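We did not get these values from a lab; they are worked out from the coordinates using the rules stated. Please read these numbers as outputs of a predicted model, since none were measured by experiment. Neighbour counts are summed over all protein chains in view; Cβ atoms, including those assigned to glycine, are modelled from backbone coordinates with ideal geometry.
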Amino acid sequence: MEKYRIVADSSADVKRFDAAPFASAPLKILAGEREFIDDENLNIPEMVEFLLSYKGRSSTSCPSVDDWLSAFGEAENIFCVTITATLSGSYNSACVARDIYMENHPGRKVYVLNSLSTGGEMLLIMEKWARLISEERSFDEIVEATEAYCRTTGLLFMLESMKNLANNGRVSPVVAKAAGLLGIRVVGRASDVGDLQQLDKCRGRERALDAMVQRMTEYGYCGGTARIAHCLNLEAAEGIRDRILARWSDADVTVYELGGLCSFYAEKGGIIMGFEHA
Ligand code: X90
C-alpha cells in the first residue's frame, strides 16, 4: 500500500504528476446531450471549439463522493486539495469521502484542503506536498506546513470572456459584462474568501500582460515559483513568463495548458496563474 498519495480535483489542471503518487478526481462539463469528463482522455481544444458554437445551456458538476473515494484508492496518508468551496461543491463532497474513508479504514488519514482558489495555486500546493513527502515528514507536520505555505501563494487570471462564469452564477452579470466588450481583458485574482475579484479592465493584450505582472508584484511576488496555464493562448502565457524572467532571471516559471474545467470557465484566450509571494 502507498504510504502517501496526493489527490486533487481536475480544476488543478494536472492529469499526470511524477513527483509523488497522485490521482485526479474529474469534474464534468455538460452541454445538452454532450458530457465532457475532465480526465486525460478529454480533447480540450475540441471541447472549447464545440462550446463556442453551441448555443444552448452549459454547466459543470463537481466530483461525487464515489469519484473522490476512487481517487483516494489505497494509501495510508492522503493529501487532497479542491477548488474553492465558495464556487463549487467539490470540497464538500471530498469531506464526505474523507469521513467515509477514515471510518472504513481505521488508522489511515486524509487531509482535505479548500484551496480558496484553483489551477496553478493548487499545483503549487501539490508540489509543496511532494517535497514534504520526499523529506519523509509526518502527516501532522505536512498539515501544519501546508497552512503556513498557503499564506504565501496567490492566483491571478486574465479573461477575454466571462460568459460561462456569469451564466452559471459564479460572477455577477455586471462584472461579466466588462469582459464581453471587444478587445477588453479582465485581470483579477482569487480573493481571500475564494471568489473572483476583478482588478483591472485592460484594452489590448500587451496592457493585460503588463497588468498581470504589475499585479503579481503588488501582491508580493519577488522571483519565486510561478505556474502559468492557458486556454489556447500559448503566446500570452509566454508573454507573462518572459516579463517575469526579464526581471527575475532565475525564477522557476512554467507554462502549460488549462484542463477541461478551467478551460470551460476561463474560455478561449484565458490565463490562470499561481504564484508564490512574500
Ligand atoms: O462544482 C462545479 O461545477 C465547478 C464550479 C467552478 C466555478 C468557478 C471556476 C473558475 C475557474 C476562472 C478564473 C479563476 C478564478 C479563481 C476564483 C477563486 C476559472
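Normalised by 2.2 N^0.38 Å, where N is the number of residues, the C-alpha radius of gyration of region 84-188 stands at 1.39. Value of Rg to Rh for the chain, rounded to two decimals, is 0.96; Kirkwood radius and Rg both from alpha-carbon coordinates.
Percent of Cα-Cα pairs more than 18 Å apart in region 140-200, please. Percent of Cα pairs beyond 18 Å in region 140-200: 43.
If you count Lys pairs in the chain whose Cα atoms are under 13 Å apart, skipping same-chain pairs closer than 8 places in sequence, the total is 5. Each listed q (0.21, 0.24 Å⁻¹) maps to a log10 I(q)/I(0) for region 8-63 from the Debye sum over equal C-alpha point scatterers, namely -0.80, -0.96. Beta-bridge orientation, the chain: approximately 60 percent antiparallel, per DSSP, counting only bridges with both partners inside.
Here the translational diffusion coefficient of region 79-121 follows from Stokes-Einstein with Rh set to the Kirkwood radius across Cα pairs; for 37 °C and 0.692 mPa s it amounts to 305 µm²/s. Using just its DSSP H runs of length 4 or more, each adding -39500 (n - 2.57), the chain gives a mean residue ellipticity at 222 nm of -11500 deg cm²/dmol after division by all residues.
Beta-bridge orientation, region 185-278: approximately 70 percent antiparallel, per DSSP, counting only bridges with both partners inside.
Using only alpha carbons, region 201-246 has a radius of gyration to Kirkwood radius ratio (Rg to Rh) of 0.94. Taking the Cβ of ALA12 as the center, what net charge do the other residues with Cβ under 14 Å away carry, scoring Lys and Arg +1 and Asp and Glu -1? Local net charge: -4. From the Kirkwood radius over Cα pairs of region 69-143, Stokes-Einstein at 4 °C and 1.567 mPa s returns a whole-number translational diffusion coefficient of 100 µm²/s. Along its principal axes, region 187-278 has C-alpha extents of 32, 29, 25 angstrom, given from the largest down. When exposed loop sites are taken as trypsin sites (Lys or Arg not before Pro) in a DSSP loop with at most 12 other Cβ atoms within 10 Å, the longest stretch of the chain clear of them is 58-278. Thinking of region 1-111 as a set of Cα atoms, what percent of all their pairs are more than 22 Å apart? Cα-Cα pairs of region 1-111 separated by over 22 Å account for 36 percent. Counted over region 118-260 with a bin width of 10 Å, the fraction of Cα pairs per bin, in whole percents, is 11, 38, 34, 14, 3, 0.
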